[in-house]
Amino acid sequence: MKREQFSSSLGFVLAAAGSAVGIGNLVAFPVMASKNGGAAFLIMYAVFVFFICLPVMLAEMSLGRHTRQNPLGAYTEIGQNRAWRTVGWMSVITPFMIGVFYLVITVWIFGYLAKSVMGQLNELAGPDSFDVFINSNELFIYMAVVIGLTFAILQGGVKQGIEKAARVLMPMLFIMLIALVIYVFTLDNAMLGVKFFLIPDFDKLTGKVLNGALAQAFFSLSLAMGILITYGSYIQKNNNIVQAGKMVAGLSVLVACCSGLLILPAVFSFNPDIQLSELSESSIGMIFMFLPKIFLALQADIGYFGASFIASFFFLLVFFAALTSLVSIIEVPVCSLMDSKGVSRRAALYTLGGAMIVLSVISALSFGRVELFSNLLSYGGVNKSFFALVYDIFYETILPLNGFLLCLFVIYRWKKHNLDAEISQGNSTFAGSVLQKYVNFSLGTFIPLILAVIFVNTVSTIFFGKNLLF
Ligand code: PHE
């Protein structure tokens, strides 16, 4: 069967931006930036995106387009040995497992969306409503809907499913984001928030902050998850990979910045005396515990109906962002199964979907409902649930390792000249350019080195309770 392709470069850009733009950009980034130096953080973040992440991104896209394969196939075909095949397997299992916990988070967002639409804002803003919600039975109804939607998109295939969804959802996401920014700017004290977000404080840029910024940039662009190899395998040969990569990176940074102009003014109009240290660093705490209080407080101004409307609008925005990321991550194992076993998309989806549902249900039950899953293991001096274990192993630990191995693979196994040749197709100015030299040099030297350091430090911090760097 002929491999499906995106209909144009724009189709790829929107699908990849859909993957990159997620709760990381919308919520984690604004909080992190405002706490850690404002514009100074923003500048460093953008530098990391373009100087460290972009080369990795180009490498993944080229590898995919060259081999016309999923990550397992790409590593197997070029690697030609067992060791690289094992890395290929890791690049498929990792997104599958990240999909398991990202699905659970997407279900929570969808649940909050549904409850806002039903006018249950009062309930959402209650002190322990999040704990009650994630352990409720209705969660499984929302899970069924999210799984149904995700699978319906994936079942449509590359052009009619993934690309079409991105073409509809991404422009809507941008418009909704801008509309919400305009709205929060009309609130009292909004400018106070803008100030906290944008005033640079270079003293705050410690090693720890820079490490956090890099990790955030890296993972926010969906790197090392096999996604860009897979989406890359659907790009046409005459499309310009460099231009597309720059656009995806630019869109991701742009959304993160706009989101800062949304979240911080909202926080400061809610409480002008708030100390930034009160804001939880985790997106989960922010989305599900803090923001509902802000929405509820809006009712003094615009009534309960108006406040519910704004909350629904916001959760819809976050839901679109999460859904397109979820689709991209599940496409990796789906594509791998189709390529390697020659099965149909439907068969691949049912097989993987079944396994994913089981694991997601276990994750959803690991917040106190089932003792065994809730306190599964203890390491680094902390008791961990099944959900936390999956997060720690696959998101925190294996991602930097995969990134490290990918750089080595592309430069030392596949070789620079092959990478150059692939990028040059559809981009006649790449050969001999400064960018070419930079991409070759960075991918073979300091980028893998940085990723290796992050990997070792994460293992030491999470599993042994010892941070080696700070
Ligand atoms: N870019 C996503 C985010 O910011 C990260 C991600 C991508 C997670 C794809 C899962 C799947 O949330």
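The values are calculated or read from the model by the stated rules, or taken from the named source; none is laboratory data. On a predicted model such as this, the values are computed, not experimentally measured, just so you know. Don't worry about glycine lacking a Cβ; one is built from the backbone with ideal geometry, like all the others, and counts go over all protein chains shown.
Annotations
- Number of positions in the stretch 250-265 that are in contact with a Leu (Cβ under 7 Å, 6 or more places away or on another chain) and of a type in the set (Gly, Ala, Ser): 2
- Number of residues in the stretch 415-463 that are more than 30 Å from Ile398 (Cβ to Cβ) and of a type in the set (D, E, K, R) equals 1.
- Of all residues making up the stretch 278-296, the number that are more than 16 Å from the ligand (Cβ to nearest atom) and among the aromatic types (Phe, Trp, Tyr): 2
- Check on Val56, surrounded by fewer than 23 Cβ atoms within 10 Å (Cβ to Cβ), of a type in the set (Val, Ile, Thr) and modelled with pLDDT of 95 or more: no
- Flag if Leu187 is crowded, with 16+ Cβ neighbours inside 10 Å, touching a residue at least 12 places away in the same chain (Cβ under 8 Å) and not in a helix (DSSP H, G or I): yes
- The set of residues in the stretch 383-410 being without any contact (Cβ under 8 Å) to a residue 60 or more places away in the chain and either crowded, with 23+ Cβ neighbours inside 10 Å or β-branched (Val, Ile, Thr) (or both) consists of Phe386 alone.
- Options Arg85, Arg65; residue that is charged (D, E, K, R), more than 30 Å from Tyr304 (Cα to Cα) and crowded, with 19+ Cβ neighbours inside 10 Å: Arg65
- Single match in Thr106, Thr94, Thr86 (criterion: away from the ligand (no atom under 16 Å from the Cβ), among the hydroxyl-bearing types (Ser, Thr, Tyr) and at pLDDT 95 or above): Thr86
- Spans of helices (runs of 4 or more DSSP H) in the stretch 366-470 with at least 1 residues in contact with a His (Cβ under 6 Å, 6 or more places away or on another chain) and under 25 Å from Gln243 (Cα atoms): 416-424
Residues checked against (1) at pLDDT 95 or above; (2) of a type in the set (D, E, K, R); (3) not in a helix (DSSP H, G or I):
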{"position": "Ser277", "(1), (2), (3)": "no, no, no"}
{"position": "Met286", "(1), (2), (3)": "no, no, no"}
{"position": "Ala307", "(1), (2), (3)": "yes, no, no"}
{"position": "Ser312", "(1), (2), (3)": "yes, no, no"}
{"position": "Leu317", "(1), (2), (3)": "yes, no, no"}
{"position": "Phe320", "(1), (2), (3)": "yes, no, no"}
{"position": "Leu323", "(1), (2), (3)": "yes, no, no"}
{"position": "Glu331", "(1), (2), (3)": "yes, yes, no"}
{"position": "Leu337", "(1), (2), (3)": "yes, no, no"}
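- Residues being surrounded by fewer than 14 Cβ atoms within 10 Å (Cβ to Cβ) and not aromatic (Phe, Trp, Tyr) - total across the stretch 434-446: 3
- Restricting the stretch 212-233 to residues that are part of a loop (DSSP other than H, G, I, E, B), within 10 Å of the ligand (Cβ to nearest atom) and of a type in the set (A, V, I, L, M, F, W, C), the residue that is surrounded by the fewest Cβ atoms within 10 Å (Cβ to Cβ): Leu223
Per-residue answers, yes or no, for (1) surrounded by fewer than 21 Cβ atoms within 10 Å (Cβ to Cβ); (2) in a helix (DSSP H, G or I); (3) within 16 Å of the ligand (Cβ to nearest atom):
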position: Arg3; (1), (2), (3): yes, no, no
position: Gly11; (1), (2), (3): no, yes, no
position: Ala15; (1), (2), (3): no, yes, yes
position: Ser19; (1), (2), (3): no, yes, yes
position: Ala28; (1), (2), (3): no, yes, yes
position: Ile78; (1), (2), (3): yes, yes, no
position: Val100; (1), (2), (3): no, yes, yes
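- Neighbours by Cβ (under 9 Å, 6+ apart or cross-chain): first from the stretch 116-140, without any contact (Cβ under 8 Å) to a residue 12 or more places away in the chain; second of a type in the set (Phe, Trp, Tyr): Glu123/Phe133
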